[in-house]
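In what follows, a structure is listed as structure tokens, so that the remarks can point back to it.
The values are calculated or read from the model by the stated rules, or taken from the named source; none is laboratory data. Since the model is a prediction, treat every value here as computed from it, not as a measurement. Cβ: placed from backbone, ideal geometry, glycine included. Neighbour counts: every protein chain shown. Keep in mind that these areas ignore ligands, DNA and RNA; they rest on the heavy atoms of the full protein, side chains included. Shrake-Rupley method; radii C 1.70, N 1.55, O 1.52, S 1.80 Å.
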Number of protein chains: 2
Amino acid sequence: MPSPTRAVIQDIVLPPFDPLNRRAAELRAQGHRVISLGQAVPYFPPPEAAMQAARTALDAPDVHRYATDPGLPTLRTALAERLAAMAGTRIVNDDVIITAGANHAFTLALATLVDPGDEVILPGPYFTNHQMAVRRQGAIAVEAPVADRESFSVRWSDIQPYLSLWTKAIVLCNPSNPTGAPIDPAEGARIVKEAAARGIVVISDETYMHFVYEGAHWSAASLRAWRENVVVIGTFSKSFGMMGWRVGFLLADAAICEQAIKVQDEMIICAPAISQIMAEAAVRESWNYPASFHDELRTRRRILADGLSKIPCARWTPTSGGMFTFVQIDGCTDSTQLSNELLDVAHLVTIPGAAFGQSGEGFLRLSYGYAGAAELVEATERLRQFFAR
Amino acid sequence: MPSPTRAVIQDIVLPPFDPLNRRAAELRAQGHRVISLGQAVPYFPPPEAAMQAARTALDAPDVHRYATDPGLPTLRTALAERLAAMAGTRIVNDDVIITAGANHAFTLALATLVDPGDEVILPGPYFTNHQMAVRRQGAIAVEAPVADRESFSVRWSDIQPYLSLWTKAIVLCNPSNPTGAPIDPAEGARIVKEAAARGIVVISDETYMHFVYEGAHWSAASLRAWRENVVVIGTFSKSFGMMGWRVGFLLADAAICEQAIKVQDEMIICAPAISQIMAEAAVRESWNYPASFHDELRTRRRILADGLSKIPCARWTPTSGGMFTFVQIDGCTDSTQLSNELLDVAHLVTIPGAAFGQSGEGFLRLSYGYAGAAELVEATERLRQFFAR
């Protein structure tokens, strides 16, 4: 019989992480010193409180059993309190579902809120996985390019032209992957309110909420009326160096959570028990742990800015969040090819801007989350030499 | 704004596990000795090899990092070898994706193969989560009642009347949750072949593959042409007592896996790293671990059969797989109410057959996976007294 896979899935393109990493591994095997600016991950391990909780949990039978669908009640309560303090609004444990990471939380949100055929607006450049999930769901991903190509801060005026009768959701990524741009609170509030007035949901991916280096993180849940149409998603992967543990969360009004729990039940039953136990320890005892790395991350960001400033064709205005440099390369019309060349010639892993939508073409995403200061100095020097050829 | 949640999600009903467990907790708090026959989980912990692997993994940095999307290569290879030996067919690591449990594997299969509007045939009584997932996906769940209400063995003749031009998939659950019935190999082969001839996929949930007490488990992957249209899903939750660790697998031709990996990437990135490390140890060193509990499970099944034989209105012909007794109660037309009464009056948690589709009405599902022999003796005595009132 012919291939039974859905046409829409065949049509979806994986981001180029795997091929780039495979090629990097080949080059390393040949003795080359490859520097990776490709990974959107922090360099630090989980806090000791989380590790201690994991070691203790291994000796108790509960760790082998299912947690309740929405997550460990004690974790939900602790997290609700932290998020309430951060957002300055009332948040209770019934407003929180513990998921298997932020991507999974995004899937829960889509499955609960978006029907096949609905349109979902993604300000571009967007996080690739958002676009993939929208399309897999049978909905239509509408890219709304961000007009300000220097700050990359999303405005209502970017989104408005792409509204239609079929718009069901707007996705914010704040701070943004791939640009590192936070959303201006006034613009964020306007987007949420204009959306609510039209019966449109705002799904706010705040994966990098703990990585805002100037000023405070603005959460879409900080609006008085957030419950009406806001779903926030987040993760412990980046804040607490827990990528492999697959644990994150969805924050929404309890009435939305009540529906999302049905999806949670049939899709995954619950997030991994041990990961929830670790997350609870981190949330209770180490909520400010990620902030202890801000100075180091600011230093890395400055090294990249300094290095890029010496490259005539590279343009980047530092953004104040995330762990990303989204750098424009003058004259670049094929960032995928450029990224491949950079790997082969300069032995640098970079992510082509085109992986983040049409509005990312001509850019490269460089992460300063994993590579250390010395590596970043060398990486920018390799970039300079590459472009000076 | 009005509720933004999808009508189809609002319309989906959670199985009654949570309300039953909450009521059981209330009764326990009042001092009653509640016996639960509700949980579809085994009584044993993970094998020592898996626990040792977990302890060691906690000290290595890799456990905090993402695994590759389809899973740890060493686990995929080890599992492919075990499944190939079980099925007697060629299976390689590219045919296997490690998922966050069997439910998640089912979601991956649906997302990869079934479009919104497609019809999916579920022989009834079905596993509730299958029906929920099909509907959440925007597809149509078609219940095909199993004609043989004694063996509950699914036959092609059960399915054939429900075929339509829109049938995209047939779901098998082998051995079945909730009936414990295995599929007859000849009938299974016929279902797969007839489906292939019509361009229909067979998704075979073999969660209880390690729990077949008479004869060997028949896998849908054992057919020579299985790659054409078979997807097998499985889990380490039941075989190795690892429910809380959320790790399972999808087995399909590499061309289907290649598409499913896109869904994996955007939905969850990868299964939890530590759970994969534990699963690898279990697969390599303790593949026959579940078989060591067969004698005990057979004993429990016999206790239930003996006890039920003393209850005039209860009818059950023991099935040879899973950990379930799907018992018909003469005259019962509302199994949900009966289940509630049994909890309140006899302090027994049972699952109403109606939770598994219309063809389950009039039945109760009793699990012998968790409750021990003494508890099962008492449970059947309580049932006898309840029905003798």
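Structure data summary
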item: Residue satisfying condition, being crowded, with 24+ Cβ neighbours inside 10 Å and under 18 Å from the mean Cα position of the chain (by Cα), within set B:SER237, B:SER275; result: B:SER237
item: Residue under evaluation B:ASP205, criteria (1) over 12 Å from the mean Cα position of the chain (by Cα); (2) charged (D, E, K, R); (3) open to solvent by less than 10 Å² (accessible area, probe 1.4 Å), criterion not met; result: (1)
item: Only listed residue being hydroxyl-bearing (Ser, Thr, Tyr) and open to solvent by 30 Å² or more (accessible area, probe 1.4 Å), chosen from A:SER320, A:SER292; result: A:SER292
item: Counted residues, region A:57-79 - those being more than 9 Å from chain B (Cβ to nearest Cβ) and touching a residue at least 60 places away in the same chain (Cβ under 8 Å); result: 8
item: Of residues in region B:262-272 being assigned to a helix (DSSP H, G or I) and within 7 Å of chain A (Cβ to nearest Cβ), the one surrounded by the most Cβ atoms within 10 Å (Cβ to Cβ); result: B:MET267
item: So A:ALA84, is it farther than 18 Å from A:TRP245 by Cβ, surrounded by 15 or more Cβ atoms within 10 Å (Cβ to Cβ) and more than 14 Å from chain B (Cβ to nearest Cβ); result: yes
item: Flag for A:CYS257 being more than 8 Å from every other protein chain (Cβ to nearest Cβ) and either among the basic types (Lys, Arg) or within 27 Å of A:SER151 (Cα to Cα) (or both); result: no
item: Output for region A:175-211, where each listed residue is of a type in the set (A, V, I, L, M, F, W, C), without any contact (Cβ under 8 Å) to a residue 40 or more places away in the chain and within 30 Å of A:MET243 (Cα to Cα); result: A:ILE183, A:VAL192, A:VAL202
item: Close pairs (6 angstrom Cβ cut-off, 6 or more residues apart or separate chains): acidic (Asp, Glu) in region A:217-235, open to solvent by less than 30 Å² (accessible area, probe 1.4 Å) anywhere; result: A:GLU228/A:ALA196
item: So B:ASP118, is it open to solvent by less than 40 Å² (accessible area, probe 1.4 Å) and within 17 Å of B:LYS262 (Cα to Cα); result: no
item: Subset of region B:133-171 that is in contact with a Leu (Cβ under 9 Å, 6 or more places away or on another chain) and part of a strand (DSSP E or B) - its residue that is farthest from the other protein chains (Cβ to nearest Cβ); result: B:ALA144
